[in-house]
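The values are calculated or read from the model by the stated rules, or taken from the named source; none is laboratory data. Every value quoted in this text rests on a predicted model; they were computed, and no experiment measured them. For neighbour counting, all protein chains shown are included, and Cβ atoms are generated from backbone atoms with ideal geometry for every residue, glycine included.
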Amino acid sequence: MNTVLVYLEGNGTTLKRTSFECITAARSLGTPTIVGVIVNGSSEQAAAAGAYGLSSVININHPSLASFDSGVAAAAIASVATEQGASTVLFAANAIGKEVAPRVAVRMQAGLLPDCVELSGSANAVEAVRPVYAGKARVRVRSTTSVTIATLRPNVFTARPADASAAVTVTNWSGSLPDLRSAAVVNVQRNEGVLDVAEADIVVSGGRGLKGPENFHLVEALARSLGGAVGASRAVVDAGWRPHREQVGQTGKTVSPNMYVACGISGAVQHLAGMSSSRFIVAVNKDKDAPIFKIADYGIVGDVFEVLPKLTERIAKVTGRS
Ligand SMILES: Cc1cc2nc3c(=O)[nH]c(=O)nc-3n(C[C@H](O)[C@H](O)[C@H](O)COP(=O)(O)OP(=O)(O)OC[C@H]3O[C@@H](n4cnc5c(N)ncnc54)[C@H](O)[C@@H]3O)c2cc1C
């Protein structure tokens, strides 16, 4: 068995970047056969995977998954993984991956390596590095089961197109599924146009230094000028200034954007747990001894009420976004 199954997640007519990251990471596991699996996918999405070296995609288009259900999806993906003889199954460590991967692991009696930031070895003997203790330490782990399920932290693995683009064969999965749904979806309300912090390339987060919800327009304006998402510390979410979906940290979302801008955030260890793997960290804080400066690549010691409007104005001139 030298096959890696990669879960592909749709994003309109293409795939989420995390899917390309997972395919690229799969390519580094020796020279495995890589198979994609997608729920309710399209031929455009399968073609997009071809640029990253995937040549076959199994499309699960089943009536039980007309509205996505993690338990049902896990049952289908586990069946596909078994049919394909996959020894490794990769997911992004995002909302869907965190819900589905453990369920697949239970169904396949497989070892689960969650939230990996490095992957090595081969499809038959995967080794991974993952942060533990809220990011204070990293452990190297190896699954000892014949099948390994791993979730990869978004934005940590670089998505690299393959040298040659492959023509992708799409097979519609026709297996049967038990009705596992314990709840029916009555209504789906989408947050159209709101960029999710966990998937954004740039995140601008605000903390208690903003003094009140009425001042968050400063953080929003900076995020807009950079084309990024707005995040928040738990202190401001608990205070009801911002919605929980924006919370970054141990009890919020884990983010790994290319750039993380922390505005008026002290840098408590629980906040760092959710953003310390960001590629570049910029901090704006009026206290030069604030812990956030210990991990920041660039720091501005200053008042957010003075610094943010100036930064936004300068950046908007360059990016043309305001
Ligand atoms: C079990 C547990 C889980 C937790 N999970 C999370 C989590 O997921 N995410 C999270 O964020 N926190 C979490 N916390 C809370 C965490 O410990 C901190 O309390 C929180 O992160 C602090 O938020 P803050 O930095 O916005 O506020 P503060 O710690 O109050 O920091 C405000 C900062 O703003 C600066 N400042 C003030 N005025 C200005 C100004 N005008 N200009 C510039 N800077 C200014 C100050 O110097 C200070 O550094 C958790 C705590 C526990 C116990």
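Go through the range 28-45 and give me each residue that's over 21 Å from residue 78 (Cβ atoms) and buried (at least 18 other Cβ atoms within 10 Å of the Cβ).
Of the range 28-45, the ones over 21 Å from residue 78 (Cβ atoms) are 28, 30-31, 42-45.
Selection gives 45 alone.
Does at least one position in the range 58-72 carry a residue that is in contact with a strand residue (DSSP E or B) (Cβ under 9 Å, 6 or more places away or on another chain) and of a type in the set (Ser, Thr, Tyr)?
No; the residues of the range 58-72 include none that is in contact with a strand residue (DSSP E or B) (Cβ under 9 Å, 6 or more places away or on another chain) and of a type in the set (Ser, Thr, Tyr).
Please indicate, with yes or no, whether at least one residue in the range 270-290 is closer than 19 Å to residue 319 by Cα, in contact with a strand residue (DSSP E or B) (Cβ under 9 Å, 6 or more places away or on another chain), surrounded by 20 or more Cβ atoms within 10 Å (Cβ to Cβ) and not assigned by TED's automatic domain parsing to the domain that holds residue 155.
Within the range 270-290, the subset closer than 19 Å to residue 319 by Cα is 280, 282.
Those still in the list that are in contact with a strand residue (DSSP E or B) (Cβ under 9 Å, 6 or more places away or on another chain) too: 280, 282.
So of that shortlist, the ones also surrounded by 20 or more Cβ atoms within 10 Å (Cβ to Cβ) come out as none.
No, because not a single residue in the range 270-290 is closer than 19 Å to residue 319 by Cα, in contact with a strand residue (DSSP E or B) (Cβ under 9 Å, 6 or more places away or on another chain), surrounded by 20 or more Cβ atoms within 10 Å (Cβ to Cβ) and not assigned by TED's automatic domain parsing to the domain that holds residue 155.
All but one of (1) under 24 Å from residue 203 (Cβ atoms); (2) among the polar types (S, T, N, Q); (3) free of Cβ contacts under 8 Å to residues at least 40 places away in the same chain hold for residue 82, so report the exception by its number.
(1)
Please give the number of the condition residue 312 fails out of (1) under 25 Å from the mean Cα position of the chain (by Cα); (2) outside any loop (DSSP other than H, G, I, E, B); (3) crowded, with 22+ Cβ neighbours inside 10 Å.
Going through (1) under 25 Å from the mean Cα position of the chain (by Cα); (2) outside any loop (DSSP other than H, G, I, E, B); (3) crowded, with 22+ Cβ neighbours inside 10 Å one by one, residue 312 breaks only (1).
Could you check the range 185-220 and list, in sequence order, the residues that are away from the ligand (no atom under 16 Å from the Cβ), without any contact (Cβ under 8 Å) to a residue 60 or more places away in the chain and exposed (fewer than 13 other Cβ atoms within 10 Å of the Cβ)?
Correct list: 186, 187, 189, 190, 191, 192, 193, 194.
Tally the residues that are in contact with a helix residue (DSSP H, G or I) (Cβ under 6 Å, 6 or more places away or on another chain) and among the hydroxyl-bearing types (Ser, Thr, Tyr), restricting the search to the range 56-105.
Residues that pass the stated criteria total 2.
Strands (runs of 3 or more DSSP E) wholly in the range 1-108 with at least 3 residues that are under 21 Å from residue 127 (Cβ atoms) - which ones? Steps first, please.
Details: elements: 3-8, 33-39, 56-60, 86-92.
Qualifying strands (runs of 3 or more DSSP E): 3-8, 86-92.
For the range 284-298, enumerate the residues that are within 14 Å of residue 260 (Cβ to Cβ) and not in a helix (DSSP H, G or I).
Residues satisfying the conditions are 284, 285, 296, 297, 298.
Residue-wise test of (1) within 18 Å of residue 198 (Cα to Cα); (2) more than 6 Å from the ligand (Cβ to nearest atom); (3) modelled with pLDDT of 95 or more.
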position	(1), (2), (3)
247	yes, no, yes
257	yes, yes, no
261	yes, yes, yes
267	no, yes, yes
279	yes, yes, no
289	no, yes, yes
297	no, yes, yes
300	no, yes, yes
306	no, yes, yes
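(1) more than 16 Å from the ligand (Cβ to nearest atom); (2) free of Cβ contacts under 8 Å to residues at least 60 places away in the same chain; (3) under 21 Å from residue 296 (Cβ atoms): which one isn't true of residue 225, the others all being true?
(2)
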